[in-house]
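The values are calculated or read from the model by the stated rules, or taken from the named source; none is laboratory data. Not measured: the values here are computed from a predicted model. Glycine gets a Cβ as well: all are built from the backbone with ideal geometry, and neighbour counts include every protein chain shown.
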Amino acid sequence: MEYRSVKEADISGLADAMKRAYAEKPWNEKWSDERAVRRIRAIMGNYNFFGRAVVCENKIIGGVLGYADPYAQEDFFFVSELFVVPEWKRRGIGKALLSNLEIHLKERGIRTIQLTSIDDNKDFYTKAGFNVDCVSVMYRQLK
């Protein structure tokens with residue numbers, strides 16, 4: 001198993017892994033190949049994009065993708081996606097991806113990671129050292 005920085009050539013493999021990861025509970029999402037590729041490309045197009053992939057036998061089995069989000073005194077790193085393919089879940093890969101990401105962010109002078117998560121994943125992120133912020137995610141469905 002190898003953890004490495006994401007590159008342009010990984011888009012298809014990342015999209016496939018993400019699509020497979022979100023096809024299961026609790027998401028049960030049906031991503032088309034096109035939309036999954038668009039999602040990965042959109043994240044990679046953000047300011048100061050950075051991502052790590054985990055590869056086993058030349059196949060991407062998980063990834064963490066995000067970007068530097070500048071604030072007044074420091075840059076935060078916003079995690080847009082963290083995913084692991086179903087057959088590799090519950091083996092510590094998601095936590096290892098976050099730990100691996102942290103090492104590389106510290107090298108870049110980034111000391112804060114932010115993300116948005118569904119309630120089902122709260123225990124995972126708490127065990128990985130994340131805390132709930134005072135910020136609420138708000139949305140409005142347009143008609």
Exercise for the section: Tell me, please, whether a residue that is in a loop (DSSP other than H, G, I, E, B) and basic (Lys, Arg) can be found in segment 101-118. Expected result: yes
Problem - Filter result (over 19 Å from residue 36 (Cα atoms) and aliphatic (A, V, I, L, M)) within segment 75-104 - result: 93, 96, 97, 98, 101, 103
Exercise for the section: Might you check whether a residue that is surrounded by fewer than 18 Cβ atoms within 10 Å (Cβ to Cβ), in contact with an Asp or Glu (Cβ under 8 Å, 6 or more places away or on another chain) and either within 26 Å of residue 12 (Cβ to Cβ) or not acidic (Asp, Glu) (or both) occurs anywhere in segment 115-138? Expected result: no
Completion exercise
All conditions in (1) on the phi > 0 side of the Ramachandran plot; (2) in contact (Cβ under 8 Å) with a residue 24 or more places away in the chain are true of residue 75 except (1)
Handout entry: Subset tally (residues that are in contact with a helix residue (DSSP H, G or I) (Cβ under 8 Å, 6 or more places away or on another chain), surrounded by fewer than 13 Cβ atoms within 10 Å (Cβ to Cβ) and either modelled with pLDDT under 95 or in a helix (DSSP H, G or I) (or both)) for segment 2-24
Key = 2
Exercise for the section: Would you check if residue 41 is surrounded by 10 or more Cβ atoms within 10 Å (Cβ to Cβ), farther than 20 Å from residue 26 by Cα and of a type in the set (Lys, Arg)? Expected result: yes
Exercise for the section: Evaluate the following for residue 52: is it over 15 Å from residue 89 (Cα atoms), touching a Phe, Trp or Tyr at 6+ places or on another chain (Cβ under 7 Å), among the basic types (Lys, Arg) and part of a strand (DSSP E or B)? Expected result: yes
Problem - Sole exception among (1) in a helix (DSSP H, G or I); (2) over 14 Å from the mean Cα position of the chain (by Cα); (3) within 17 Å of residue 84 (Cα to Cα) for residue 35, by number - result: (3)
Exercise for the section: Filter segment 51-66 down to residues that are surrounded by fewer than 20 Cβ atoms within 10 Å (Cβ to Cβ) and of a type outside the set (Lys, Arg) and give me whichever is nearest to residue 109 (Cα to Cα). Expected result: 55
Fill in the blank from the handout: Residues in segment 100-109 that are without any contact (Cβ under 8 Å) to a residue 12 or more places away in the chain and surrounded by 12 or more Cβ atoms within 10 Å (Cβ to Cβ) total 1
